[in-house]
Amino acid sequence: MYAATEDFGDEDSLSQWLSEKGIDTLQYGSAEGSKTIGNLLQEVRQGESCLVTTEEGTPLRRVAIVSVNITNDNGESLVEAKQILPGGRVRERNLLLSEKMLPDEDPFDAAIRGIREELGSILPENPGIAILKNTYSTSMEQHASTSYPGLCTEYICHKVDAHVDDLPQHENFTTEEMRPDGVLLSSWEWRVYF
């Protein structure tokens with residue numbers, strides 16, 4: 001059974017829905033690595049995730065993501081080491097570039113959108129992006145969310161390799177991404193990544 005987006009008119013109604021299903025949202029935004037209830041409401045409204053009730057009556061967050069393995073000429077992968085959130089909190093990531101997909105979005109289009117959004121502050125206006133479609137794979141996993149403690153999340157994971165021109169090829173760098181609540185800083189590192 002799906003909980004429709006319109007069921008959540010505001011943060012309080014979403015928080016109440018989760019609370020009625022046994023999820024304590026008081027730590028959202030304050031626990032290390034967590035996001036706020038407002039962030040969750042925004043991603044549901046934008047279609048980046050949906051909330052469903054399982055047969056057992058527990059809430060489940062469903063998210064489709066694309067992970068992009070961007071490599072340099074040494075065969076190293078670009079990894080987002082950490083984020084500094086607009087409020088100043090540090091969120092360890094150690095992940096390939098990842099982007100939540102929008103409803104009905106093709107994984108390759110989502111990969112290009114993610115590259116432009118995440119790395120846009122250091123790329124030229126029309127960067128050379130090559131998505132290697134023959135490397136595409138998909139999987140599904142389910143585990144507790146670090147972004148929303150206590151809320152189990154089902155991830156539909158799409159993965160693809162890419163080459164991006166105009167990136168620093170052998171040095172770590174930081175990008176800036178404008179968010180509604182301020183600037184998100186991301187630290188990027190080239191690593192051997194499996």
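If you take the residues in region 13-46 that are within 27 Å of residue 83 (Cα to Cα) and of a type in the set (D, E, K, R), which one is most open to solvent (accessible area, probe 1.4 Å)? Steps first, please.
Taking region 13-46 as the starting set, the residues that turn out to be within 27 Å of residue 83 (Cα to Cα) are 14-15, 18, 23-46.
Right, trim to of a type in the set (D, E, K, R) and you get 24, 32, 35, 43, 45.
On the way: 24: 85, 32: 161, 35: 47, 43: 5, 45: 134 Å².
Applying the filter and picking the extreme gives 32.
Among the numbered criteria (1) under 17 Å from residue 120 (Cβ atoms); (2) modelled with pLDDT under 95, which single criterion is violated by residue 169?
With (1) under 17 Å from residue 120 (Cβ atoms); (2) modelled with pLDDT under 95 applied to residue 169, the lone miss is (1).
For region 143-156, which positions are touching a residue at least 40 places away in the same chain (Cβ under 8 Å) and not in a loop (DSSP other than H, G, I, E, B)? Before you say what the answer is, go through the steps one by one.
Residues of region 143-156 touching a residue at least 40 places away in the same chain (Cβ under 8 Å): 145-156.
Scanning region 143-156 gives 152, 153, 154, 155, 156.
Are there any pairs with C-beta distances below 7 angstrom linking a residue in region 81-99 that is free of Cβ contacts under 8 Å to residues at least 12 places away in the same chain and of a type in the set (A, V, I, L, M) to a residue that is assigned to a strand (DSSP E or B) and open to solvent by 70 Å² or more (accessible area, probe 1.4 Å), with the two at least 6 apart or on different chains, and if so which?
The qualifying pairs are 90/82.
Residue 175 versus (1) open to solvent by 50 Å² or more (accessible area, probe 1.4 Å); (2) in contact with a Phe, Trp or Tyr (Cβ under 9 Å, 6 or more places away or on another chain): which is the lone unmet condition?
(1)
Looking only at region 185-194, how many residues end up being at pLDDT below 95 and open to solvent by less than 50 Å² (accessible area, probe 1.4 Å)? Spell out how you get there, then give the answer.
Let us first name the residues in region 185-194 that are at pLDDT below 95, namely 192-194.
In the following step, the residues that additionally are open to solvent by less than 50 Å² (accessible area, probe 1.4 Å) were identified as none.
Number satisfying all stated conditions: 0.
The values are calculated or read from the model by the stated rules, or taken from the named source; none is laboratory data. Since this is a predicted model, take the numbers as computed values, not measurements. Reconstructed Cβ throughout: ideal geometry from the backbone, glycine too, with neighbour counts over all protein chains shown. Note: accessible area is taken over every heavy atom of the protein model, side chains too, but ligands, DNA and RNA are not part of it. Shrake-Rupley method; radii C 1.70, N 1.55, O 1.52, S 1.80 Å.
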